[in-house]
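The values are calculated or read from the model by the stated rules, or taken from the named source; none is laboratory data. From a predicted model like this one, the values you see are computed outputs, not experimental measurements. Don't worry about glycine lacking a Cβ; one is built from the backbone with ideal geometry, like all the others, and counts go over all protein chains shown. Ligands, DNA and RNA are stripped out before the accessible areas are found, and what is left, the full protein with its side chains, is counted by its heavy atoms. Shrake-Rupley method; radii C 1.70, N 1.55, O 1.52, S 1.80 Å.
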Amino acid sequence: MYSIGVFSTGRGQGSRGLLRSLHNAIRSGHITAEISFVFSNRDQGEFETTDKFFDDIRGYGYPLITSSFRKYRTALRDDPQWRQKYELDALGLLESHKVDLCLLAGFLLWVPEMCQRYTMMNL
């Protein structure tokens, strides 16, 4: 079975629609795959639209992994390497999830190490 990871801020209807379509295609058997995780660079309570996206993810029963880049950036605002450190910490959160393909849906935080570790498609 093909394993998919999804990266999204969950900001817009497109992100929610993509996840819904992917979920429905898997459930109907049109795609032989599973969603291993959904990663968001926002935390619960940061944005109402993202919270709705999180509700969808939980409703589908997929593992939701979050790490707020805004909180991270604020905490390390004087460190010019904050992005690299954020990326490594996020990768640590994803370490136990094996995927064949990662889909980026409304995920604009480009992270070079993630691009080297995973096969990614930006939608």
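Scanning the range 58-87 for residues that are assigned to a helix (DSSP H, G or I) and within 30 Å of His23 (Cβ to Cβ) yields Arg58, Gly59, Tyr60, Phe69, Arg70, Lys71, Tyr72, Tyr86, Glu87. A count restricted to the range 2-36 and to residues that are at positive phi and either without any contact (Cβ under 8 Å) to a residue 40 or more places away in the chain or assigned to a strand (DSSP E or B) (or both) stands at 1.
Cβ-Cβ distances below 7 Å connect the following pairs, each with a first residue in the range 111-123 that is touching a residue at least 24 places away in the same chain (Cβ under 8 Å), a second residue that is open to solvent by 60 Å² or more (accessible area, probe 1.4 Å) and not in a loop (DSSP other than H, G, I, E, B), and a separation of six or more residues or different chains: Glu113/Leu88. Of the residues in the range 68-82, at least one is within 13 Å of the chain's Cα centre (by Cα), open to solvent by less than 30 Å² (accessible area, probe 1.4 Å) and either touching a residue at least 12 places away in the same chain (Cβ under 8 Å) or at positive phi (or both).
When the range 37-48 is filtered for residues that are on the phi < 0 side of the Ramachandran plot and either open to solvent by 70 Å² or more (accessible area, probe 1.4 Å) or more than 15 Å from the chain's Cα centre (by Cα) (or both), the ones remaining, listed by number, are Gln44, Glu46, Phe47, Glu48.
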